[in-house]
Amino acid sequence: MERLETFPNPNPGRKFTITHVNPEFTSVCPITGLPDFGVMTVKYIPGEKCLELKALKYYYLEFREKGIFYEAVTNQILEDLVEACDPLEMEVISEWGTRGGLSSVINVKHIKSDKK
């Protein structure tokens, strides 16, 4: 998790949405070993911290050679990013290229609980 960096939210008293889109996300199918190509979109309402983009880019590159299913990688990214920046809300959407006539879209969400 050290690879994900953050910086202080410049307007912590205001709710606003940040959207980051990576149109060149790649990982590897754990069954065939063939590359999977997708678009990874992260939308979040920051709390006290925002994600730093260069670190996010290098974090994504760690999946380039990793054999992982679409559902697992999407959920892993959400878990890691929530742990790194503790957003008020976050949504990760992965849209995968067509393979065998099918394409897939995985959407996972996190909403911070007021419970302590």
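Values quoted throughout were computed directly from the atomic coordinates according to the rules given, and no laboratory measurement underlies them. Computed from a predicted structure; not experimentally measured. Note: ideal-geometry Cβ built from the backbone for every residue, glycine included; neighbour counts use all protein chains shown.
Condition check: farther than 20 Å from Thr6 by Cα, out of contact with any helix residue (DSSP H, G or I) (no Cβ under 7 Å at 6 or more places or on another chain) and among the basic types (Lys, Arg). Does Lys66 satisfy that? So Lys66 fits the description; yes. Specify the residue that is farthest from Glu71 (Cα to Cα); the eligible residues are those in region 29-44 that are surrounded by fewer than 17 Cβ atoms within 10 Å (Cβ to Cβ) and in contact with a Pro (Cβ under 8 Å, 6 or more places away or on another chain). Here the residue is Val39. Looking across region 32-74, the residues that are more than 25 Å from Asn9 (Cα to Cα) and among the basic types (Lys, Arg) come down to Arg64, Lys66.
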